[in-house]
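Asker: Quick one: the structure is below, questions incoming.
Each reported figure results from applying straightforward, stated rules to the coordinates on display, with no laboratory input. Values in this document were obtained by computation on a predicted structure and should not be read as measured data. Virtual Cβ from ideal backbone geometry, glycine too; neighbours counted across all protein chains shown.
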Amino acid sequence: MMESLVKDKTVLLAWNNGNSSSCVQDTVTELKKHIGGGHLSLEHVERLQLAGYEDGTFDVILSGVVSPVCLSHITDLLAEYARILKPSGVVVIREPVVDQAGSIPGLRTCQKVQSALKLSGLVGVTQKTHHTSLTDDERSSIRDGLKINNVTVENSAASLLSIVEVQANKPSYEVGASTTLSFSQQVTSNGPNKSSAAIWTLSANDVLDDDIETLDPDSLLSEEDLIKPDPASLQRDCGSSKSGKRRACKNCTCGLAEELDGGTPSTSSSKPASSACGNCYLGDAFRCASCPYLGMPAFKPGEQIKLTERQLNADQ
C-alpha cells in the first residue's frame with residue numbers, strides 16, 4: 001500500500017526527537033525503493049515551519065512513521081501539513097494513543113486524533129490500523145521516545161499504550177480559491193444568449209404558468225381588518241377636574257379640545273394640526289391624502305402626538 005501511495009510523488013517524511021538517526025535512515029532507504037521518479041524531502045517537525053515551504057508543495061506527507069512511534073501531532077503541526085499539501089494530497093500519521101482519555105497525560109484517544117485532523121481542514125479521515133498487541137520491547141522504545149518529547153509513561157501504564165495509523169486528504173481546492181457559478185455564465189436557449197439577469201426575470205408567460213403559485217393580494221387582509229373602527233371608541237378623556245368635569249390637556253391631540261370648543265380648533269402659537277374626518281387615529285389605511293399624520297402609525301387612545309416642523313409645513 002505504501003508503494004502505491006508514494007510512487008512518482010513528491011513526498012515529505014517528518015521525524016522527531018524520539019527517533020534515532022539509524023531508524024530515520026532505514027525509513028528513508030525503504031521509501032526510496034518505492035518512490036520511483038518522485039522526490040523525497042526529510043524534515044524535523046520542530047523545524048518544518050522554518051523550512052519555508054510554499055503552499056501546495058507535497059503530494060504525500062508521512063509523519064510519525066519512523067520507529068519508535070512517539071510523536072503527538074499538535075494542532076499547529078497538522079495545520080502546517082494541510083498548508084503545504086497539494087489539493088487532494090494525502091497525509092498519513094502514526095501516533096501513540098490510549099483507549100480512555102486521561103489515562104496517560106499527554107496522549108489522546110483514536111477519536112481525538114481523527115478530530116484533530118478534521119479541525120485542521122483535512123477531509124476523508126480514515127483509521128487504517130490500530131496496533132494494540134505491542135511487545136515489551138516496542139512499549140519500552142515508545143516510552144523512551146515519549147520521554148524525550150516530555151511525555152512520561154509510568155511502568156504501570158505501559159500496557160495502555162497502542163499505535164494508531166490515520167490517513168486524511170486535503171480538499172481538492174486551496175483556501176481562498178474561487179470558481180464561476182454556472183448560472184452566472186451566458187447560456188443558449190432557442191438561439192440567442194441570455195444573461196444571468198434574464199435568467200432570473202419572471203415574464204408574463206411564467207406568471208400564467210399553472211405551476212407558478214402567486215399570492216392573492218385580497219387574502220392579505222381579513223374581513224375584520226376591513227371594518228372601520230368607531231373613532232369615538234378610540235377617544236378618552238384627557239383628564240378631569242376635581243368636580244369631575246372633562247378637561248382637555250395642553251396640546252390635546254385626541255379631539256377632546258375640539259369637542260369641548262364646539263368643533264372650533266383651539267388657538268396655538270404653532271400651526272394647529274386639524275382633522276376634519278376624525279380618522280387620524282386609525283392609521284394610513286383610513287387617513288386622508290392631506291392628513292398631517294400620514295405615515296405615522298395608528299395612535300392609542302389618549303396618546304399625545306407631536307408633529308415636527310417639517311410635517312407642519314409639508315403642505316405649504
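Asker: So which of K250/K300; K32/K128; K7/K170; K32/K170 end up more than 27 Å apart by C-alpha?
Answerer: Violating the 27 Å limit, Cα to Cα: no pairs.
Asker: Can you give the extra length, in nm with one decimal, that the chain gains between N149 and K118 once fully stretched, where that is 0.36 nm per residue apart less the Cα-Cα distance?
Answerer: Contour length minus Cα-Cα distance gives 8.8 nm.
Asker: Another one. If I stretch the segment between A157 and I305 completely, what's the gain in nm (0.36 nm per residue apart, minus their alpha carbon distance), one decimal?
Answerer: 45.3 nm
Asker: For A79, put the label point 7 Å out on the Cα→Cβ axis and report which residues of the stretch 112-156 keep their amide N under 18 Å from it.
Answerer: Inside the label zone: 113-123.
Asker: Quick one: 3J(HN,Hα) in Hz for the stretch 21-27, Karplus 6.51/-1.76/1.60 with θ = phi - 60°, rounded, Gly and Pro as x.
Answerer: 4, 5, 5, 5, 5, 4, 5
Asker: Let a ≥ b ≥ c be the square roots of the eigenvalues of the Cα gyration tensor of the stretch 38-143; is it rounded (a/c under 1.5), or, if not, prolate (a/b larger than b/c) or oblate?
Answerer: Here the stretch 38-143 falls in the prolate category.
Asker: Can you list the HN-Hα couplings for the stretch 34-48, worked out from phi with the Karplus curve (6.51, -1.76, 1.60; θ = phi - 60°), rounded to whole Hz and with x for Gly and Pro?
Answerer: Coupling constants for the stretch 34-48: 10, 7, x, x, x, 9, 10, 10, 10, 9, 7, 4, 7, 10, 5 Hz.
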